[in-house]
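First up is the structure itself, then whatever we jot down about it.
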Amino acid sequence: ELMIEARAVEKWYPNGFQALRGASLTVRRGEVVVIMGPSGSGKSTFIRTFNALEDFQKGSITVDGIALSNDLRNIDAVRREVGMVFQQFNLFPHLSVLDNLTLAPVLVRKRPKAEVEQQAWALLERVGIAEQAGKYPGQLSGGQQQRVAIARALCMEPRILLFDEPTSALDPEMVREVLEVMQDLAADDITMVVVTHEVKFARHVAHRVVLMADGEVVEEAEPEVFFTNP
Ligand code: ADP
Ligand code: ADP
């Protein structure tokens with residue numbers, strides 16, 4: 001079952017810069033795909049097209065059977081399927097950790113608050129942060145904030161989770177705790193696409209590693225093959 005099917009995607013930013021030059025990728029259900037490549041090669045732009053955070057002008061993208069198009073139809077539908085974790089956490093600073101998780105499920109999805117809170121506690125437990133549930137994001141370390149961001153994404157029950165350099169803003173000692181949570185998720189059947197420079201994660205957790213350069217996917221292989229190429 002294909003969860004993401006991106007074909008020959010081309011994107012120009014409003015300033016005329018072409019960031020994607022025919023990028024293609026397919027991701028199967030349950031797969032963990034790591035995207036690597038130099039800074040500026042279009043990795044972030046590409047995954048942001050998968051949940052319609054960026055539009056695109058040519059090519060096609062289908063996410064869990066939903067066709068995205070440049071008229072931005074189906075945005076709500078696709079965002080129900082796809083969660084995203086950003087480099088800079090993007091938590092709501094004025095909400096407690098628990099409220100960061102429950103806000104959208106309750107207000108946007110209209111789910112019962114008691115049910116969502118129960119789920120939120122379980123997710124905070126899972127990412128090892130339940131003791132901080134009443135704190136505000138600014139009171140937490142970067143690694144803790146990123147684990148909250150992951151729990152928040154999971155609380156929306158996405159079928160696909162996108163990670164955009166989730167450890168790049170973290171001090172080295174906090175990188176491991178976030179990667180461990182991601183590795184734990186990878187063992188579930190959630191589909192993950194991860195932009196990262198963490199070679200160990202790519203080697204040991206990814207099912208497939210994809211290399212981007214100049215707005216295109218230039219290589220993809222299983223990690224054992226990818227990392228032994230001359
Ligand atoms: P990566 O994630 O691989 O570092 P990005 O997708 O962030 O690459 O960026 C790809 C290219 O697009 C870069 O050259 C970047 O400067 C450019 N770019 C990103 N965002 C914009 C924007 N809003 N307007 C114009 N150019 C942009
Ligand atoms: P990333 O960590 O994804 O590589 P960047 O540092 O490239 O992020 O970009 C940070 C922000 O600046 C993004 O919102 C991106 O869209 C924007 N940006 C990047 N390059 C340009 C550019 N050349 N012109 C305008 N905006 C840009």
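Bear in mind that the values in this text are calculations on the coordinates, not laboratory data. Please read these numbers as outputs of a predicted model, since none were measured by experiment. Positions of Cβ are backbone-derived with ideal geometry, glycine not excepted, and every protein chain shown enters the neighbour counts.
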In what order do 197, 94 fall by count of nearby beta-carbon atoms within 10 Å, going from fewest to most?
-> 94, 197
With Cα atoms, 0 to 90° folded angle of helix 142-155 axis to the chain main axis = 90
Mind listing the long-range amide H neighbours of residue 95? Cut-off is under 5 Å, sequence gap 5 or more, other chains count too, H placed in the peptide plane at 1.01 Å from N.
-> none
At 0.36 nm per residue, minus the direct Cα-Cα distance, what do residue 74 and residue 173 gain on full extension? Give it in nm, one decimal, please.
-> 31.6 nm
Around residue 50, with a cut-off of 11 angstrom between Cβ atoms, what is the net charge of the other residues, counting Lys and Arg +1 and Asp and Glu -1?
-> -3
Long-range Cα-Cα pairs in the chain (distance over 21 Å), rounded percent = 55
Cα long-axis angle, helix 97-107 against the chain (0 to 90 degrees, to the nearest 10) | 70
So the FRET efficiency between residue 126 and residue 29, C-beta based with R0 = 25 Å and rounded to 0.05, is 0.70
Just give me a number: lysine pairs in the chain, eight or more positions apart or cross-chain, with C-alpha atoms less than 21 Å apart.
-> 5
Within the chain, which is the longest segment containing none of the chymotrypsin sites (Phe, Trp or Tyr not before Pro) that sit in a DSSP loop and have at most 12 other Cβ atoms within 10 Å?
-> 18-226
